[in-house]
Amino acid sequence: MTEGVAAEAKPVSAKAPPRWRWALEFLALPKIHAAPLRPPVAVAPFGRGRPVIVVPGLLSSDRATALLRHSLEKAGFVVEGWGQGVNTGAQPAKIARLEEQVCELAERAGEPVVLIGWSLGGMFARVLAQRHPEACRLVMTLGSPFSGDRRANNAWRVYEALNDHKVDAVPFPEDPAVKPSVRTIAVWSKRDGIVAPRSASGEAGQADRVVEVPCKHFEMASSSGAVRRVLELLREELG
C-alpha cells in the first residue's frame, strides 16, 4: 500500500487496463450483490455525527455501497446514499438533485459534508465540491477516472451507449480534473480492471493525498479491506 501527494512519482499506467484484468473484476460481483446483508466493518467510533454522502459508480446504486455506508454509520457518521437508483451517467437532472442534497444536508447538519464517490460518483463529487466548497468538508474518490484521457478505461463505451453525449463532452462546465479547494483524496489501485491507474490517481496538484489500495475496481466499496482503509483515511483526516 503506497501513498503520496503527487501521482507523478509512481510508475502507473495511463492506458485502459488489459481485458484479462477487466474480466477478473466480475469475480467481485457477489460481494456487491451481498453488500446489504454483510456486517459492517467494525472500528472504534470516531464519526461524531458528521455528515457523509456516498455516490455510486456507473451502473451501480446505493445497494452497491451498502457495506461502506453501513460501516460509516457504525463508525458514528450520519450517512446518506445518493437515493437516485442506478447511476447511468451525468444527466443534468440527477446532478442537480445531488447538488441539492449536498447543500441541504450541510445546512441541516450545520457543518460541511464529506463526499465519497466510487468511480463515476467520484467525478460528480469533485464537480460539486468545486461548486460548493462551503458545503463540502472533504472529497474522497475511489477509483474515479477524473484525470487524463476520458477513454483510458473499460467503461466509456457503455457510458456513451447509455447517454446522449460523449465521455469528453459531459453536460457540466466544470472539469473534474481540477482539484476542488477543499481537502481531496484520490484512492486508486494497480489491480483496477476498469480504470487506468493514472486516471484514478491523477497528476501533480490534482489531489492533496493519493493512496493506493490492493483491490479490484469493483471492490473499492465492497471489500472489507478497502472499506477499512477508507475508514482509516477518514480517521486520519478528520480526527
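Just so it is clear, none of the values below were taken in a lab; they were calculated from the coordinates. This structure is a prediction, so every number in the text was calculated from the model and none was measured. So basically every Cβ, Gly included, is an ideal-geometry build from the backbone, and we count neighbours across all protein chains shown.
What is the magnitude of the charge dipole of the chain about its Cα centre, with +1 placed on the Cβ of each Lys and Arg, -1 on the Cβ of each Asp and Glu, and no other charges, expressed in debye to the nearest 20?
Computed charge dipole of the chain: roughly 720 debye.
Calculated FRET efficiency, ARG48 and VAL86, Cβ-Cβ r, R0 25 Å, to nearest 0.05? Working shown, then result.
On the way: r = 32 Å, r/R0 = 1.28.
Using R0 = 25 Å, I get an efficiency of 0.20.
I want to verify a result. In a Gaussian network model of the chain, Cα cutoff 10 Å, which of these has the top mean-square fluctuation: PHE218, PHE124, PHE172?
Judging by the Gaussian network model, the answer is PHE172.
Test of understanding: ordering THR184, THR65 by Cβ neighbours within 10 Å, fewest first, what list do you get? Before the final figure, lay out the partial values.
Numbers: THR184 24, THR65 30.
In order of increasing Cβ crowding within 10 Å: THR184, THR65.
Could you tell me, in Å, what Rg and Dmax come out for the Cα atoms of region 124-199?
In Å, with Rg to one decimal and Dmax whole: 12.9, 35.
For the chain, modelled as a GNM with alpha-carbon contacts under 10 angstrom, which of GLU99, GLU80, GLU160 fluctuates the most?
Evaluated over the chain, the most mobile residue of the options is GLU160.
If the cut-off is a Cα-Cα distance under 18 Å, which aspartates and glutamates reach LYS94, setting aside same-chain residues fewer than 8 apart in sequence?
Partners found: ASP62, GLU80, GLU104, GLU160, ASP164, GLU174, ASP175.
Can you list the equivalent-ellipsoid semi-axes of region 158-216, largest first and in whole Å, using the square root of 5 times each Cα gyration tensor eigenvalue? Intermediate results must be reported in sequence, preceding the final value.
Details: eigenvalues 102, 66, 12 Å².
Semi-axes from the Cα gyration tensor: 23, 18, 8 Å.
For TRP188, TRP118, TRP22, what's the fewest-to-most ordering of other Cβ within 10 Å of each Cβ?
With the fewest neighbours first, TRP188, TRP118, TRP22 line up as TRP22, TRP118, TRP188.
Compute the distance in nm between two label points, each set 7 Å from the Cα along the Cα-to-Cβ direction, one at LEU238 and one at VAL158.
The two pseudo-label positions are separated by 2.9 nm.
Take VAL178 and GLU107, extend 7 Å from each Cα along the Cα→Cβ direction, and tell me the distance between the two endpoints in nm.
2.5 nm
Over region 140-239, what number does the Rg to Rh ratio reach, with both radii from the alpha-carbon atoms and Rh per Kirkwood?
Values: Rg = 14.0 Å, Rh = 14.3 Å.
Looking at region 140-239, the ratio lands at 0.98.
What helices does the chain have that are whole DSSP H segments, at least 15 Å long along their own axis by Cα, and with mean Kyte-Doolittle hydropathy of -1.0 or more?
92-109, 120-131, 224-238
With unit charges on the beta carbon (Lys/Arg positive, Asp/Glu negative), name the residue among PHE46, HIS217, ILE116 whose Cα is farthest towards the positive pole of the charge dipole of the chain.
Ranked along the dipole, the leading option is HIS217.
Picking from PRO180, PRO40, PRO30, which is most flexible by a Gaussian network model of the chain using Cα springs under 10 Å?
In the Gaussian network model the winner is PRO30.
Roughly how compact is region 15-97, stated as its Cα Rg over 2.2 N^0.38 Å to two decimals?
Working: Rg = 15.0 Å, N = 83, 2.2 N^0.38 = 11.8 Å.
It is 1.27.
What are the lysines whose alpha-carbon lies under 27 Å from the alpha-carbon of LYS190, with same-chain residues fewer than 8 places away excluded?
Output for LYS190: LYS10, LYS15, LYS31, LYS166, LYS179, LYS216.
With only Lys, Arg, Asp and Glu charged, each at its Cβ (+1 for the first two, -1 for the last two), find how big the charge dipole of region 40-140 is about the Cα centre; round to the nearest 20 debye.
Numbers: 11 positive and 9 negative charges, 47 e Å.
The dipole magnitude comes to about 220 debye.
Count charges around SER224 for me, please; just the other residues with Cβ under 12 Å from its Cβ, Lys/Arg as +1, Asp/Glu as -1.
Once positives and negatives cancel, what remains is +3.
Using the scaling law 2.2 N^0.38 Å as the reference, what is the normalised Cα Rg of region 1-143?
Dividing the Cα radius of gyration by 2.2 N^0.38 Å gives 1.10.
Quick check on region 81-157: what are the equivalent-ellipsoid semi-axes from the Cα gyration tensor, as sqrt(5λ), descending, whole Å?
For region 81-157, the semi-axes come out at 23, 14, 10 Å.
Taking θ = phi - 60°, what integer Hz values does the Karplus form 6.51 cos²θ - 1.76 cosθ + 1.60 yield along region 195-200, in sequence order, with x for Gly and Pro?
Listing the rounded values in order: 10, 4, x, 4, 5, 8 Hz.
Near the amide H of VAL41, under 5 Å away, which other amide H atoms are found, from residues 5 or more places off or on another chain, if H is placed in the peptide plane?
Amide H to amide H, under 5 Å and 5 or more residues apart or across chains, VAL41 pairs with SER71.
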